[in-house]
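The values are calculated or read from the model by the stated rules, or taken from the named source; none is laboratory data. All values reported here derive from a predicted model rather than from experimental measurement. As a convention, Cβ positions derive from the backbone with ideal geometry for all residues, glycine included, and neighbour counts pool all protein chains shown. With ligands, DNA and RNA removed, areas are computed over all heavy atoms of the protein, side chains included. Shrake-Rupley method; radii C 1.70, N 1.55, O 1.52, S 1.80 Å.
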Amino acid sequence: MDRRHFLKMSTASAVAIAASAMDVPGQGGLFRAAQAGPMPPGNGTGSMGATEVTSVCEMCFWRCPIVAKVRDGKVVKIEGNPKSPVNGTRVCARGNSGVQLLYDPDRIKYPLKRVGARGEGKWARISWDEALGEIAHNMKKVKEKYGPHALAYFDHGASAENMREIFQAMGTENFTSEPAFYQCVGPAALAYLQTVGYITTGTRQFNDMGNSKAMLFVASHVGENVHVSHVHEFITGLAKGSELVVVDPRFSVAANKAKIHLAIRPGTDTALMLAWINYVIEKGLYNKEFVANKCEGFDALKKAVKGYSMEWAARICDLKIDDMKAAIELLAKASPNVNIHPGRHSTWYGKGDVGRHQTYAILTALFGAVGVPGGIYFPTAVKTGHSEGIEESLKKVAPAKVSLKNDSGYPFSSVFGTVTADIIKAINTGKPYPIKLLGVNGVNIIQTIPNPYETMKAINNLDFIFCQEMMAGETAIWSDIVLPDAVYLERYDGVYAYEGLTPYLTVRQPVVPAMYECQPPYWIAAQLAKHLGIDGYHKSVEEAIDEELAGAGTSIAKLNKEGGIVTYPGNPYRDAKTLNVGTESGKIQLAVEAFADEDLDAVPKFEPTPVPPTGFARLLYGRSPVHTFSRTMNNLWLHNEIPENKLWLNDQVAKRLGISMDEEVVLENQDGKRSNPIKVLVTPGIRPDAVYMAHGFGSKSPHLSRAYGKGAADGFLITETVADPFIGATSKRTNFVRIVKGGKVLDIPELIPVPAELPKYVLKNA
Ligand SMILES: Nc1nc2c(c(=O)[nH]1)N[C@H]1C(S)=C(S)[C@@H](COP(=O)(O)OP(=O)(O)OC[C@H]3O[C@@H](n4cnc5c(=O)[nH]c(N)nc54)[C@H](O)[C@@H]3O)O[C@H]1N2
Ligand SMILES: Nc1nc2c(c(=O)[nH]1)N[C@H]1C(S)=C(S)[C@@H](COP(=O)(O)OP(=O)(O)OC[C@H]3O[C@@H](n4cnc5c(=O)[nH]c(N)nc54)[C@H](O)[C@@H]3O)O[C@H]1N2
Ligand code: SF4
Ligand SMILES: [Mo]
């Protein structure tokens, strides 16, 4: 079988998992009808006379099963569904605060039409018919003038799926679950798919921290990165005595719980990993039987890592060799019940991002930590039925002559959708063909795509842009037409089948009817289809969902009688004798030949990312534990918890610059772009060569009355991106900042010497 073919095959079989990595529940087009249907009867009456309705949280994409308590037609409380095998009665701060999303005064309440300039946020209220009519008119006009591929769609989350079908039916291939892949999990997903044959980081993560004897986190700041059952498994592991190694330039919440914290020089993790792999091989610390029977490419791996010594890595990574040795010995001692966390957000430095995650998968395999308690485990598929969508229309979709998707120059991108950066480039240059219309759904188009200045330019180059939104945030103020979406508590979204340690099936259903003139996604898509003359919406949403559920022998009504969830026996662990991973040969690929076939490295090399130029520190970012990106910033309860982000600044650097705790500064990046004012957190918990802030703050939309201008947005400092050569995902930690205080620009002193092997970033005007 030739390589190309294998690639196609392995990727095709991966699409289902990739779909889940991109927050797409179920498979294929669930076709929904024009009517929202009656309210579900509820699962019973609980305490305080409140009706309890089971559903699924969407305050983030972990999608915990919930019970909403409704009294006098109002949601008064949200808890975890006690029948849930993952979260039980637990929800996080955000899950709890879904109530305040529902009743947020700054929700988009009616269809809106822009009357000011794009980005200005001046609207007129219009009717649904007018809004959809205008969108349909523009979609048809652009398609006629420039061809179907001039239409593009950025989407994220459950509510965006129906509309994606409409774009597909119009004949474009330029749609992508943009932020969840090309700005998030893409490199990690590809590395695991090619090494162990499946993606360990889908909507959920298949790493068994709760049963581990030791854990390694490279970044992965679990605790600030809050996914209820993930955090719970982490804590369970710790409580049962699992020993933790954390590699992070910052003293994160996870680092605080670590036995060994390695405060690594940012961007050098692959050097550490390769030296560890070499050490494990040289010292014979690997699982010889597992490697001999279940892995391929050991000799190639051994040869490729030979040059990477611990001494070298200690210098590159700015770590103490004794700590590095103690850490890898600790992990080896726990094998095979060792959890090398596969990571989630992986678009850091561009070039080496796939390779870095490949090294996690390789170390996992060397320890034999695959399909065993504490390691990475295997998902157990839950069988559901299929509801026919607009399949007939979709079959007509033909790739463009020069295909952005298939001829991207990134050999492994096409199965995951069109590369975001290519779409923005095509809008701004007209090459390889013009893109003139953009639909945005569930994406903060300004804050989540790197280089917002290019994005704003692109928006201004479009003939038409519309969005489906809940909040009057940045996406809304940049759109020509804004469609008011129902909140997840007001809508059906489909069937959620999860494949974790205990697989289960559940369904999101409306807890209260949609308020104002908001409409659920299937209604919106069906009405737009009508305006476009696309056929297909014949079923009610309940019928479509019941068709899927029938495949699992249940229905909405039956589920509601049974507490909203059906569980199944899982099969996460495999006998090493019969283990057959999802790669072509059934064996783990310690060297990925498919990469070599595309002139990429079969075993990753360490290719340094440039270190900060003189006077600058690297800008790092991560998660706020009570917020989800920008989407929760206006939420009353969550805003009250953490209203703004702070800039983590090393105490020695702060002392030199004369900056004290809570002082307000502005950041300026290497291209002269400046941030909103941000208060400083002076701390020894960050390296002197980096600064850190949580992402999602600093909203630029004046219509978000609580969030507007609170804190700083990392994105407005991210103008330098490096594409990863495998899939074209874009880096974000390749940017550097210095501090502006009282109008004066202050250089960051270089307190840590940089070895000559590491190139310095060259300033564009230098
Ligand atoms: N509360 C909350 N939880 C969330 C989300 C949310 O919005 N809110 N979002 C979810 C989503 S979609 C994702 S993708 C995940 C993201 O969460 P993770 O996958 O955990 O993100 P990371 O980028 O791995 O981790 C951020 C950490 O990386 C460290 N870091 C920065 N640069 C480097 C480096 O070069 N080397 C090393 N070793 N560390 C570095 C930072 O100091 C920070 O502590 O979180 C998920 N969980
Ligand atoms: N600078 C920077 N960029 C990043 C990251 C970072 O840390 N820093 N993180 C990256 C990662 S890991 C990820 S996963 C992405 C996340 O990227 P996004 O998903 O774009 O994140 P949000 O900022 O939450 O923007 C979501 C938008 O969708 C809207 N929305 C929320 N729920 C719904 C809904 O039910 N229906 C509709 N129609 N709209 C809804 C919100 O109001 C908001 O405007 O960002 C990536 N980009
Ligand atoms: S982790 Fe929190 S926000 Fe995410 S789905 Fe679960 S309860 Fe909701
Ligand atoms: Mo993400």
Does the range 466-620 come out rounded, prolate or oblate, given a ≥ b ≥ c as the square roots of the eigenvalues of its C-alpha gyration tensor, rounded meaning a/c under 1.5 and, failing that, prolate meaning a/b above b/c? oblate
Which is the longest part of the chain that has none of the chymotrypsin sites (Phe, Trp or Tyr not before Pro) sitting in a DSSP loop with at most 14 other Cβ atoms within 10 Å? 104-515
Assign unit charges at the C-beta atoms only (+1 for Lys and Arg, -1 for Asp and Glu), then state the dipole size of the chain relative to its Cα centre in Debye, rounded to the nearest 20. 920 debye
LYS558: which lysines have alpha carbons under 27 Å from its alpha carbon, excluding same-chain residues fewer than 8 sequence positions away? LYS69, LYS74, LYS77, LYS83, LYS383, LYS539
Summing -39500 (n - 2.57) over the DSSP H runs of n ≥ 4 in the chain and dividing by its residue number, what mean residue ellipticity at 222 nm do you reach, to the nearest 500 deg cm²/dmol? -8500 deg cm²/dmol
Long pairs among LYS303/LYS760; LYS259/LYS732; LYS288/LYS605, criterion Cα-Cα beyond 32 Å: none
Collect residues whose amide H, placed 1.01 Å from N in the peptide plane, falls under 5 Å from the amide H of CYS295; neighbours closer than 5 in sequence don't count. ILE588
I'd like to check one number: the per residue accessible area of the chain, probe 1.4 Å, reported in Å² as a whole number. 35 Å²
Mean-position separation - Cα centroids, the range 359-437 and the range 468-511, in angstrom: 21 Å
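If you take the square roots of the eigenvalues of the alpha-carbon gyration tensor of the chain and sort them as a ≥ b ≥ c, do you get rounded (a/c under 1.5), prolate (a/b over b/c) or oblate?
Rounded is the answer for the chain, as its axis ratio a/c remains below 1.5.
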Once the dipole of the range 617-746 is set up with Lys and Arg at +1 and Asp and Glu at -1 on Cβ about the Cα centre, which of VAL682, GLY658, ALA617 lies farthest towards its positive end? GLY658
Charge dipole (debye, nearest 20) of the range 617-746; +1 at Cβ of Lys and Arg, -1 at Cβ of Asp and Glu: 100 debye
Of the accessible area of the chain, computed with a 1.4 Å probe and all protein chains kept, carbon and sulfur make up a percent value of 53 percent
Report relative contact order for the range 617-746 in percent, whole number only (criteria: Cα-Cα under 8 Å, sequence separation at least 6). 33 percent
Percent relative contact order for the range 550-694, counting Cα pairs under 8 Å at least six residues apart, stands at 22 percent
Here Rg/Rh (Cα, Kirkwood) for the range 617-746 equals 0.98
Under 5 Å, built H, 5+ apart or other chain: amide partners of GLY494: ARG508
Among the aspartates and glutamates, which fall within straight-line cross-link reach of LYS655, defined as a Cα-Cα distance under 18 Å, with same-chain neighbours fewer than 8 residues apart omitted? GLU663, GLU664, ASP689, ASP747, GLU750
Label the range 88-231 by shape, choosing from rounded, prolate and oblate, from the square roots a ≥ b ≥ c of the eigenvalues of the Cα gyration tensor; if a/c is under 1.5 it is rounded, and otherwise prolate applies when a/b is larger than b/c, oblate when it is not. oblate
Set LYS283/LYS320; LYS113/LYS140; LYS401/LYS425; LYS673/LYS744; LYS302/LYS587, cut-off 22 Å on Cα-Cα distance; pairs above it are none
Mind listing the phi-derived Karplus ³J(HN,Hα) values for the range 567-579, rounded to whole Hz, using 6.51, -1.76 and 1.60 with θ = phi - 60°, and x for any glycine or proline? 10, 10, x, x, 9, x, 9, 10, 5, 3, 5, 9, 4
Out of the range 337-432, which trypsin sites (Lys or Arg not before Pro) are coil in DSSP terms and have no more than 14 other C-beta atoms within 10 Å? LYS383, LYS396, LYS401
May I ask you to derive the relative contact order of the range 475-553, considering only C-alpha pairs under 8 Å and at least 6 residues apart, and to give it as an integer percent? 28 percent
PHE736 long-range amide H proximity, modeled H, under 5 Å: LEU619, GLN670
Of ARG656, ARG164, ARG491, ARG623, which has the most accessible area and how do the rest follow, probe 1.4 Å? ARG656, ARG623, ARG164, ARG491
With a sphere of radius 13 Å drawn around the Cβ of PRO610, what net charge do the other residues whose Cβ falls strictly inside it have (Lys, Arg +1; Asp, Glu -1)? +2
